[in-house]
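Engineer: My questions will all concern the structure given below.
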Amino acid sequence: MTNPLAGKDILTSDQFDLETLESVLRWTEMMRIIEQTGRPCDLLNGNILTALFYQPSSRTFGSFLSAMQRLGGGIIPIQNVDYSSVIKGEDLPDTIATFASYSDVIALRHPDNGSSLIATDATEKPIINAGSGTSEHPTQTLLDIATIENYVRRNGRSRKELVLAMIGDLKNGRTVHSFLGLWPTYTMNSSTVYCVSPESLRMPIDLLRNARNAGLEVEETTDLNEVVGLADVLYMTRVQKEWFKDAEEYKEVKGEYVITPETMERAKPEGEMILLHPFPRVDEISRDVDSDPRAQYMKIQIPYGLYTRMAILAAVLGVEEEQISGYIED
Ligand code: NCD
């Protein structure tokens with residue numbers, strides 16, 4: 001089978017059919033092995049990634065750079081566009097066209113929802129959406145699902161039976177928007193989803209509609225207590241302060257949901273549920289929860305960000321599966 005993502009852009013989470021998603025999950029596991037055996041790997045030797053970030057980032061930026069270098073590639077890291085010609089008024093297409101001539105792939109984070117689509121018009125090279133406005137963060141979703149797949153495999157669960165609860169700022173959070181876009185494909189259209197948010201931060205109606213049309217059971221509630229004992233996957237998110245026009249409004253909702261050891265007492269036991277968070281966390285998961293074996297954000301989810309981005313970079317840069325498995329078997 002030839003690599004279905006060779007030369008492709010990664011723009012939205014719903015661009016993945018089940019077969020392509022399975023190949024990303026498979027490649028992610030192979031990358032985990034490559035990373036954990038610590039042997040030098042030159043699969044992407046001779047390729048260069050530009051990481052072009054117009055918004056703050058720790059994990060996405062850091063893991064893209066690490067992923068590229070772990071595979072023997074080079075990097076052009078631009079974490080603060082204020083030190084580039086953007087500050088002189090250069091527009092996105094010119095910036096993209098410029099870095100496309102210096103590199104083979106561009107990971108773009110930008111405050112505008114349509115930014116990665118604009119970027120694809122400026123170059124033939126693959127664009128990876130590393131977070132666009134409030135709309136999409138597809139590589140985060142891939143790593144979230146790879147983390148869940150790891151849990152499913154370790155605990156003999158079926159992905160079809162998973163009950164998901166997404167909590168927090170479901171209006172502005174691009175991670176939850178992308179997540180809901182791919183979740184029907186991963187669960188083969190059979191999951192129940194609870195969307196838990198304050199009234200003012202509800203999941204956009206069109207995304208709810210798409211998930212329901214795909215066959216999911218989707219319910220909205222403001223009450224975390226109602227669903228905490230039902231969920232197999234609890235996906236906690238931060239209230240997205242940067243998108244609030246009114247500081248008072250932010251203050252009113254920011255402390256609405258906090259996961260504490262007491263919350264975890266009401267959740268399903270170890271092996272039957274996991275707690276995820278895309279990070280950064282502000283104060284919506286108490287630090288006392290970190291040592292709970294069900295809390296997977298530090299131990300599994302963050303490392304999987306690296307393995308998944310290694311898989312995505314290798315895929316869009318045209319590596320074939322046999323080349324990766326050759327590395328593992330050598
Ligand atoms: C997320 C983002 O930038 O959307 N961060 C990340 O990439 N893990 C989530 C967030 O900022 O809340």
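Engineer: If you place +1 on the Cβ of every Lys and Arg, -1 on the Cβ of every Asp and Glu, and leave all else neutral, what size is the dipole of segment 107-162 about its Cα centre, to the nearest 20 Debye?
Structural biologist: 440 debye
Engineer: Which whole-number percent is the relative contact order of segment 112-174 (Cα, under 8 Å, 6+ apart)?
Structural biologist: Taking the mean separation of contacting Cα pairs over the length of segment 112-174, I get 31 percent.
Engineer: Restricting to Cα pairs below 8 Å that are 6+ residues apart, what does the relative contact order work out to for segment 163-318? Please round to a whole percent.
Structural biologist: RCO, segment 163-318: 23 percent.
Engineer: Let me ask something additional. How large is the accessible surface of Ile259 in square angstrom, using a 1.4 angstrom probe and rounding to the nearest 10?
Structural biologist: Only protein atoms counted, so the area is about 0 Å².
Engineer: Could you please report the charge total around Ala97, scoring K, R as +1 and D, E as -1 over all other residues with beta-carbon less than 13 angstrom from its beta-carbon?
Structural biologist: Here the count lands on -4.
Engineer: Next question. Computing the accessible area with a 1.4 Å probe over protein heavy atoms, can you report the carbon and sulfur percentage for the chain?
Structural biologist: On the chain, the fraction of accessible area on carbon and sulfur atoms equals 48 percent.
Engineer: Now a separate question. So what is the accessible area of segment 72-145 per residue, in Å², with the probe set to 1.4 Å?
Structural biologist: Accessible area per residue, segment 72-145: 40 Å².
Engineer: Ok, one more. Tell me the per residue accessible area of segment 201-316 using a 1.4 Å probe; a whole number in Å² is fine.
Structural biologist: 46 Å²
Engineer: Something else about it: Calculate the spin-label point distance for Glu272 paired with Ile76, positioning each point 7 Å from the Cα along the beta-carbon direction, and give it in nanometres.
Structural biologist: 5.3 nm
Engineer: Moving to a separate point now. Hey, if you put +1 on the Cβ of every Lys and Arg and -1 on every Asp and Glu Cβ in the chain, which of Met68, Leu208, Thr147 ends up farthest toward the positive end of that dipole?
Structural biologist: Met68
Engineer: Note down the net charge around Pro303, summing +1 for each Lys or Arg and -1 for each Asp or Glu among other residues with Cβ under 9 Å from its Cβ.
Structural biologist: Net charge in that neighbourhood comes out at +1.
Engineer: With +1 assigned to the C-beta of every Lys and Arg and -1 to the C-beta of every Asp and Glu, and no other charges, what is the dipole magnitude of segment 230-330 about the Cα centre in debye, to the nearest 20?
Structural biologist: In total the dipole reaches around 320 debye.
Engineer: So if I restrict to the alpha-carbon atoms in segment 201-270, what is the Rg, and what is Dmax, the biggest pairwise distance, in Å?
Structural biologist: Cα only, segment 201-270: 14.6, 40 Å (Rg, Dmax).
Engineer: Could you check the spin-label model distance between Lys8 and Thr260? Points 7 Å from the Cα along Cα→Cβ, value in nm.
Structural biologist: The modelled label-to-label distance comes out at 4.6 nm.
Engineer: When you count, for each residue, the other Cβ atoms within 10 Å and take the mean per peptide, how do 225-238, 113-126 rank with the highest first?
Structural biologist: 225-238, 113-126
Engineer: Counting alpha carbon pairs within less than 8 Å and at least 6 residues apart, what relative contact order, in whole percent, applies to the chain?
Structural biologist: 23 percent
Engineer: Please list 3J(HN,Hα) in residue order for segment 276-284, calculated via the Karplus relation 6.51 cos²θ - 1.76 cosθ + 1.60 where θ = phi - 60°; whole Hz, with x for glycine and proline.
Structural biologist: 10, 7, x, 6, x, 8, 9, 9, 8
Engineer: Relative to the longest principal axis of the C-alpha atoms of the chain, give the angle of the C-alpha long axis of helix 18-37, reported between 0 and 90° and rounded to the nearest 10°.
Structural biologist: Helix 18-37 and the main axis of the chain meet at about 80 degrees.
Engineer: Please give the net charge around Leu117, taking every other residue with its beta carbon less than 12 angstrom from that of Leu117, where Lys and Arg add +1 and Asp and Glu add -1.
Structural biologist: -4
Engineer: Can you tell me the Rg and Dmax of the chain, counting just the alpha carbons, in angstroms?
Structural biologist: 19.4, 59
Engineer: Still on this structure: Give me the number: length gained by fully extending Thr222 to Arg209, i.e. 0.36 nm times residue separation minus the C-alpha to C-alpha distance, one decimal in nm.
Structural biologist: 2.8 nm
Engineer: Tabulate in residue order the Karplus-calculated ³J(HN,Hα) for segment 76-88, using 6.51 cos²θ - 1.76 cosθ + 1.60 with θ = phi - 60°, rounded to whole Hz; enter x for Gly and Pro.
Structural biologist: Ordered by residue, 3J(HN,Hα) equals 10, x, 10, 8, 9, 5, 4, 9, 10, 6, 4, 5, 8 Hz.
Engineer: Residue by residue, what Karplus-based ³J(HN,Hα) values in Hz, rounded to whole numbers, does segment 240-247 have, using 6.51, -1.76 and 1.60 with θ = phi - 60° and x for Gly and Pro?
Structural biologist: Result, rounded to whole Hz: 7, 3, 5, 9, 8, 7, 10, 4.
Engineer: Could I ask something else about it? Take every Cα-Cα pair in segment 1-156 and report what % of them are more than 22 Å apart.
Structural biologist: Value for segment 1-156 (Cα pairs over 22 Å): 43 percent.
Engineer: Please report, in debye to the nearest 20, how large the charge dipole of the chain is about its Cα centre when each Lys and Arg carries +1 at its beta carbon and each Asp and Glu carries -1 there.
Structural biologist: Here the size comes out at about 440 debye.
Engineer: While we're here: Residues in segment 38-82 near a label at Gln15, defined as backbone nitrogen under 18 Å from the 7 Å Cα→Cβ point?
Structural biologist: 49-53, 64
Engineer: Measure nothing but the geometry: give the 0 to 90° angle between the long axis through the Cα atoms of 302-316 and the longest principal axis through the Cα atoms of the chain, rounded to 10°.
Structural biologist: Roughly 40 degrees, rounded to the nearest 10.
Engineer: Can you sort Phe64, Phe244 by 1.4 Å-probe accessible area, starting with the largest?
Structural biologist: Ranked from most to least accessible, the order is Phe244, Phe64.
The values are calculated or read from the model by the stated rules, or taken from the named source; none is laboratory data. Bear in mind the structure is a predicted one, so any value in this text is a computation, not a measurement. For neighbour counting, all protein chains shown are included, and Cβ atoms are generated from backbone atoms with ideal geometry for every residue, glycine included. Protein only, heavy atoms only, side chains kept; ligands, DNA and RNA dropped before computing areas. Shrake-Rupley method; radii C 1.70, N 1.55, O 1.52, S 1.80 Å.
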